[in-house]
Amino acid sequence: MAGTSSYVHFHDIPDVVLAIIFSLVVDTRTRNVMSLVCLKWHLLERSTRKSLTLRGNIRDLFLLPTCFRAVTHLDLSLLSPWGHPLLDSSSNPLLLAQLLRHAFPSVVSLVVYIRNPSTLHLLAPQWPNLRHVKLIRWHQRLPTEPLGSDFTALFEYSGMLSSLDVSLFHFWTEDLLPAIKAYPLIAASLSHLNILKHSSAEGFKSHELLAITASCPNLRKLLATCIFDHRFIGFVGDQTLLALASNCPCLSLLHLVDATSLSNIRPDPNDEGYTSEDASISHTTLGDVFAGLPLLEELVLDVCYNVRDTWPALELLNSRCPRLKALKLGQFHGIYRGINARLDGIALCQGLESLSIKNSADLTDKALEAISLGCPRLSKFEVLGCKKITGKGMWELTHALRKTLVHVKISFCKNFNAVSSLQAMEPIRDRIERLHIDCVWNTLDNSENQTRSSSSQELSESYNLQARKRDMIKEEKRLKKKSKSHFHDVGDDNLFSSRTWSKLHHLSLWIGVGELLTPLSLAGLNDCPALEEIEIKIEGDSRNKQRPCMDSVGLRSLACYPRLSRMLLDCSGVIGYALTAPPGQADLSLWERFFLNGIEILNLKELNYWPAQDMDLNQRSLFLPAAALLAQCGSLRKLFIHGTTNEHFMMFLLRIPTLRDVQVREDYYPAPENDTITEMRVESCRRFEDALNNSNRHIPD
């Protein structure tokens with residue numbers, strides 16, 4: 001009507017609808033800003049927040065707010081001092097546990113660091129309705145504790161438990177079974193069990209795995225570390241897989257990973273891809289296992305030992321497991337026969353949306369083409385350690401899947417360097433959202449139909465520093481020339497003319513120690529307007545390297561990405577000398593300077609940093625050059641150091657004006673038990689946090 005005002009205020013929306021709108025916002029900083037608009041928004045934000053991660057020192061728990069009473073997921077694993085018993089610092093730990101219950105009465109999902117069972121004995125009774133629990137511990141299990149004591153404390157008070165995640169919890173494989181058998185009702189109610197042991201290289205034996213699954217017949221999700229090597233007692237073979245499928249027929253997610261697979265050791269590029277031993281798994285048994293698990297939606301079998309001629313079993317996946325959406329195979333050979341023009345093997349899994357193939361020795365370009373035709377719904381594709389595929393085959397796959405494929409990982413593949421990997425992504429350059437490549441800059445000798453240019457001479461350890469600098473400059477010039485050409489001739493010349501990666505928001509890189517990131521932009525990744533997060537993994541033995549010939553690994557070159565705000569810089573795979581190095585070599589402090597130099601010019605908001613390690617001393621520590629360089633990052637808000645450092649090095653970080661959240665975590669096994677010289681001491685942590693949170697310290701926002 002003409003006389004009726006059409007103006008409607010936001011507050012005219014019913015509160016029920018507003019609550020639904022607020023509940024859809026998941027970003028923490030956005031919710032915090034929303035709560036500052038007005039009192040009504042503040043109350044709505046607090047009443048609709050379902051997940052909360054507590055930070056700060058455990059001694060300040062008495063200051064807990066009581067306005068987050070709707071929180072159902074609570075993460076206590078990041079309270080400082082990290083790694084110490086959660087409640088033991090108080091003279092009245094029971095009171096602290098009760099304060100937590102009073103502040104968060106609706107918790108049904110809990111994440112907590114458990115140094116000893118006493119923490120669970122205090123916390124578990126506070127929330128009797130717990131359904132999902134994740135335990136974390138990187139320190140060694142106390143040998144004096146009886147078997148299963150950590151889990152007994154949880155099962156005793158959590159009668160409604162349905163999900164247990166101990167993938168980051170160090171325990172003995174003998175610990176879990178006694179607790180499960182002692183509480184059969186809890187075991188029968190479990191629907192999700194994650195026992196992938198990232199904290200150690202010890203896997204579950206076959207009889208342990210079968211006893212656990214027999215006690216938990218209603219499992220829908222099972223993730224476990226196993227032993228597939230038939231030379232060991234308790235290896236997982238045909239009979240174990242058949243029995244497991246019989247024990248838990250309702251599984252929708254099954255991850256079975258060999259313990260050696262979690263070490264992430266880079267394979268030898270010159271071997272054929274076959275291991276010296278075969279796994280005791282036949283394709284006939286695999287077919288029977290698939291038939292026994294008709295509800296499977298996600299399957300991971302990372303065996304690490306040869307499983308040959310698997311195409312007949314994989315053909316059954318489409319018919320026996322019609323709901324299967326995600327598949328990862330490790331050390332599976334013969335997944336595609338390629339006889340005549342008929343699709344077979346893995347190419348018949350038409351419903352797959354995610355496929356990862358690891359260390360398949362006979363995977364060829366023809367198999368990639370068949371996968372692209374037979375699996376048209378793929379949105380995620382990974383190949384790792386496959387020696388026979390080339391850039392041409394990968395280009396054909398991305399071209400065929402250009403309407404759906406948004407996540408690609410190419411790693412440890414012999415015929416791929418950084419340039420060929422990026423060129424293979426040409427068909428989906430404007431669609432891809434997540435990408436992983438290896439920063440290998442040498443020219444490959446292959447028969448692909450790609451533009452060739454002069455190759456730079458391979459670096460040799462015997463060269464002097466000036467010669468090595470010249471070689472790197474030549475390599476950059478070669479990449480710049482090569483980046484101007486196209487990888488493949490197609491009829492429509494303007495189909496891939498754009499050099500912009502318009503939707504790429506996550507980039508993951510592997511680089512060998514001593515190599516550079518500088519050629520990355522020259523290789524074709526110079527225009528990524530949406531890139532927000534980058535993950536860099538540096539690996540290698542620096543003890544076999546001469547001093548770095550350049551001043552930086554090349555973090556400065558990342559300044560061309562305008563929206564880059566989060567970085568994960570993982571140098572934990574770099575091995576070196578924490579103390580004085582032999583003549584002519586560099587200790588880890590100099591290598592840290594090389595890795596971090598140039599980071600100060602990046603506009604980073606969040607940084608996760610894993611320092612390099614000295615394996616002989618079991619030390620992964622932040623040194624003076626790294627602390628000084630990090631202190632120059634003027635935009636950092638969050639800094640997580642996954643190692644140790646000295647207290648006075650930490651005080652350098654107070655120079656960062658925007659820094660709000662800092663933590664030092666020894667999250668590597670075994671974490672140092674009695675660390676008396678580093679920031680991990682309780683008093684050192686307290687002094688730094690007091691200085692960080694000092695009211696006189698002005699924070700711009």
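Only the coordinates and a few stated rules stand behind these numbers; no lab work does. What you are looking at is a predicted structure, and each value in this text was computed from that prediction instead of being measured. FYI the Cβ positions are ideal-geometry reconstructions off the backbone, even for glycines, and counts take in every protein chain you see.
General observations
- Cα-based Rg and Dmax for segment 1-49, where Dmax is the largest Cα-Cα distance (Å): 13.3, 43
- Rounded FRET efficiency, nearest 0.05, which uses the C-beta distance separating I699 from R101 and R0 of 25 Å: 0.20
- Rounded to the nearest angstrom and listed largest first, the equivalent-ellipsoid semi-axes of the chain from its Cα gyration tensor are 40, 35, 29.
- Only helices enter the 222 nm calculation for the chain: every DSSP H run of n ≥ 4 contributes -39,500 (n - 2.57), and dividing by all residues gives -7500 deg cm²/dmol, rounded to 500.
- Pairs spanning more than 20 Å between alpha-carbon atoms, out of K134/K358; K134/K605; K358/K387; K205/K387; K134/K221: K134/K358; K134/K605; K205/K387.
- FRET efficiency estimate (nearest 0.05) - Cβ-Cβ, Q140 to F232, R0 25 angstrom: 0.65
- Amide H contacts of R49 (H built 1.01 Å from N, under 5 Å, at least 5 apart or other chain): none
- Global geometry of segment 296-346, whether rounded, prolate or oblate, following the gyration tensor of its Cα atoms and the 1.5 cut on a/c: oblate
- Contour minus Cα-Cα distance for L373 and I265 (0.36 nm per residue): 35.6 nm
- Each Cα pair under 8 Å and six or more residues apart adds its sequence gap; the mean of these over the residue count of segment 1-49 is a relative contact order of 32 percent.
- Karplus 3J(HN,Hα) series, Hz, for segment 345-350 with 6.51 cos²θ - 1.76 cosθ + 1.60 (x for Gly, Pro): x, 4, 5, 8, 7, 5
- Amide H contacts under 5 Å for L327: L299, S354, L355, S356, restricted to partners 5 or more places along the chain or on a different chain, H placed in the peptide plane at 1.01 Å from N.
- Between R686 and F10, full extension at 0.36 nm per residue minus the direct alpha carbon distance yields a gain of 238.9 nm.
- Under 5 Å, built H, 5+ apart or other chain: amide partners of A581: D587
- Derived scalar couplings between HN and Hα for segment 398-409 equal 5, 5, 6, 9, 5, 8, 10, 6, 10, 9, 9, 9 Hz in order, rounded to whole Hz, by the Karplus curve 6.51 cos²θ - 1.76 cosθ + 1.60 (θ = phi - 60°), x for Gly and Pro.
- Residues M34, M394, arranged from fewest to most other Cβ atoms within 10 angstrom of their Cβ, appear as M34, M394.
- Taking every C-alpha pair closer than 8 Å and separated by at least 6 residues, the mean separation divided by the residue count of the chain gives a relative contact order of 6 percent.
- Across q = 0.12, 0.17, 0.20 Å⁻¹, segment 232-356 modelled as identical point scatterers on its alpha-carbon atoms has Debye log10 I(q)/I(0) values of -0.45, -0.91, -1.23, in the order of the q list.
- Pairs from K328/K388; K50/K503; K380/K414 whose Cα-Cα separation, in the structure shown, is over 24 Å: K50/K503
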